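Student: Have a look at this one before I ask anything.
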Amino acid sequence: MRLKLAGSILSLVLAGLACSASAQDQEEVQIVVEEVSPKVYMLTGRGGNIGVSVGEDGAFLIDDQYAPMTPAIREAVAEITDEPIRFVFNTHWHEDHTGGNEDFSEAGSLIVAHDNVRKRLAAGQLMSFLGQESNVPPAPDVALPVVTFDHAVTFHINGDELRAFHVLNAHTDGDAIVHFKEADVVHMGDIYFNGFYPFIDASSGGSLEGMIAAVEQALELIGEDTAVIPGHGPLSNRQELESYREMLAGVHERIGALIDEGLSLDEIKAQRPTDEFDEEWGGGFIAPEQLVEMVYSQMTGK
């Protein structure tokens, strides 16, 4: 499972958000539907985890993976509801979470996201990762969010209250967390990579400090029984999210202290500041040394 997820995210950051597999390969990926609570589901396939609220008001999707996955996503949603997909909410701008926007919009779904998601999709991006850069072209107008918000927006749908709120400079500068109040579910987007080191898109305004602050904001809403949908990785809970927060804070503290001592990147890498966390978190596509490089670059601007 972890290797499959790693391959998906690796294609995002190293190939300009274009999947390394062919469209046909993506279309053949099976969408797995997991019930999170009554009326709420998590869909996994190729790309970010999708949250779904269903009921008489229609289906509400959180993220929509890569464009070629749209038919499989539609089929999966049709298995759990006969109602149309009324809303697609983007947690941030990356294509493994927004690639289906065009198809869903053309079919009548309303796309919603933070202001910065629309801005970045409309403008296109030069995305940098560990010294490599990729040009991401502007999205077509039909793929852009129609409704955008600054701080927060609330949806009253399917007997629940879904509150989406912006968190500052975390995975990107347009991240939003979605809280299903009645269902007691929180969708974290790519603020939370469950089971492996995260990718922090500094070229899109992301920062480790913001990731930590965003997780802490989410934890204020999350109880012992709350289901937590991560952007990547298996369905989670408060205890696992707390462990993730401790890892992020520990990495920040150790690398920050070495930077303050005036050590160079190579000297910091030689100190192996992530050793304590590597066994649990280092098995994904971001290797420990790459995490150090990413955090060092983000914290120093070098």
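Residues checked against (1) over 28 Å from Glu253 (Cβ atoms); (2) among the hydrophobic types (A, V, I, L, M, F, W, C); (3) surrounded by fewer than 16 Cβ atoms within 10 Å (Cβ to Cβ); (4) touching an Asp or Glu at 6+ places or on another chain (Cβ under 9 Å):
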| position | (1), (2), (3), (4) |
| --- | --- |
| Gly99 | yes, no, no, yes |
| Glu102 | yes, no, no, no |
| Asp115 | yes, no, yes, yes |
| Pro137 | yes, no, yes, no |
| Ala164 | yes, yes, no, no |
| Val167 | no, yes, no, yes |
| Asp201 | no, no, no, yes |
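Student: Here are some residues: Ala15, Ala72. Which one is hydrophobic (A, V, I, L, M, F, W, C) and modelled with pLDDT of 95 or more?
Tutor: None of the others qualify; the one that does is Ala72.
Student: Restricting attention to region 31-71, and to residues there that are aromatic (Phe, Trp, Tyr) and not in a loop (DSSP other than H, G, I, E, B), which single residue is farthest from His92 (Cα to Cα)?
Tutor: Applying the filter and picking the extreme gives Tyr41.
Student: So if I check each of Phe155, Phe180, Phe89, which one is surrounded by fewer than 20 Cβ atoms within 10 Å (Cβ to Cβ) and either among the aliphatic types (A, V, I, L, M) or touching a strand residue (DSSP E or B) at 6+ places or on another chain (Cβ under 7 Å) (or both)?
Tutor: Phe155
Student: For the structure I just gave you, tell me whether Val77 is closer than 26 Å to Asp201 by Cβ, surrounded by 13 or more Cβ atoms within 10 Å (Cβ to Cβ) and touching a residue at least 12 places away in the same chain (Cβ under 8 Å). Spell out how you get there, then give the answer.
Tutor: Details: closer than 26 Å to Asp201 by Cβ: no; surrounded by 13 or more Cβ atoms within 10 Å (Cβ to Cβ): yes; touching a residue at least 12 places away in the same chain (Cβ under 8 Å): yes.
So Val77 does not fit the description; no.
Student: Test Ile212 against the stated conditions and say whether it is among the β-branched types (Val, Ile, Thr) and under 30 Å from Ala123 (Cα atoms).
Tutor: yes
Student: Ok, one more. Being crowded, with 22+ Cβ neighbours inside 10 Å and either in contact with a Phe, Trp or Tyr (Cβ under 8 Å, 6 or more places away or on another chain) or not small (Gly, Ala, Ser) (or both): is that true of Glu83 here?
Tutor: So Glu83 fails the test.
Student: Follow-up. For region 202-217, what are the residues that are closer than 13 Å to Val178 by Cα and over 14 Å from the mean Cα position of the chain (by Cα)?
Tutor: Listed by number, the list holds a single entry, Gln217.
Student: I would also like to ask the following. For region 187-206, give me the residue count where each residue is more than 11 Å from Asp175 (Cβ to Cβ) and polar (S, T, N, Q).
Tutor: 2
Student: Here's another thing I want to ask about it. Answer yes if at least one residue in region 86-104 is β-branched (Val, Ile, Thr), in contact (Cβ under 8 Å) with a residue 12 or more places away in the chain, under 20 Å from Met188 (Cβ atoms) and assigned to a helix (DSSP H, G or I), and no otherwise.
Tutor: Yes - at least one qualifying residue is present in region 86-104.
Student: Considering only region 112-134, how many residues are of a type in the set (S, T, N, Q) and part of a helix (DSSP H, G or I)?
Tutor: 1
Student: List every residue pair whose Cβ atoms lie under 6 Å apart, where the two residues are 6 or more positions apart in sequence or sit on different chains, the first residue falls within region 127-156 and is among the aromatic types (Phe, Trp, Tyr), and the second residue, located anywhere, is surrounded by 13 or more Cβ atoms within 10 Å (Cβ to Cβ).
Tutor: Sorted first by the residue in region 127-156, then by its partner, the pairs are Phe129/Val13; Phe155/Leu162.
Student: Still on this structure: Considering region 55-74 alone, what residues qualify as being surrounded by fewer than 21 Cβ atoms within 10 Å (Cβ to Cβ) and either in contact with a Leu (Cβ under 6 Å, 6 or more places away or on another chain) or in contact (Cβ under 8 Å) with a residue 60 or more places away in the chain (or both)?
Tutor: Gly55, Glu56, Asp57, Gly58
Student: Now for a different question. Going by the structure shown, is Phe196 surrounded by fewer than 24 Cβ atoms within 10 Å (Cβ to Cβ), at pLDDT 95 or above and within 21 Å of Glu246 (Cα to Cα)?
Tutor: Working: surrounded by fewer than 24 Cβ atoms within 10 Å (Cβ to Cβ): yes; at pLDDT 95 or above: yes; within 21 Å of Glu246 (Cα to Cα): yes.
The answer is yes for Phe196.
Student: Give the residues of region 145-156 that are assigned to a strand (DSSP E or B), touching a Lys or Arg at 6+ places or on another chain (Cβ under 9 Å) and not small (Gly, Ala, Ser), sorted by residue number.
Tutor: Hits for region 145-156 are Thr148, Val153, Thr154, Phe155.
Student: For region 137-144, check the following and say yes or no: at least one residue is closer than 24 Å to Pro38 by Cα and outside any loop (DSSP other than H, G, I, E, B).
Tutor: No, every residue in region 137-144 fails to be closer than 24 Å to Pro38 by Cα and outside any loop (DSSP other than H, G, I, E, B).
Student: If you don't mind, there's one more thing I want to ask. Tell me, please, whether a residue that is of a type in the set (Ser, Thr, Tyr) and surrounded by fewer than 24 Cβ atoms within 10 Å (Cβ to Cβ) can be found in region 223-235.
Tutor: yes
Student: Which of the numbered conditions does Leu10 fail, given that it passes all the others? Conditions: (1) surrounded by fewer than 19 Cβ atoms within 10 Å (Cβ to Cβ); (2) modelled with pLDDT of 95 or more; (3) not polar (S, T, N, Q).
Tutor: (2) is the only condition that Leu10 fails.
The values are calculated or read from the model by the stated rules, or taken from the named source; none is laboratory data. What you see is a predicted model; the values in this text were computed from it and never measured. Heads up, the Cβs are rebuilt from the backbone with ideal geometry, glycines too, and the neighbour counts pull from every protein chain shown.
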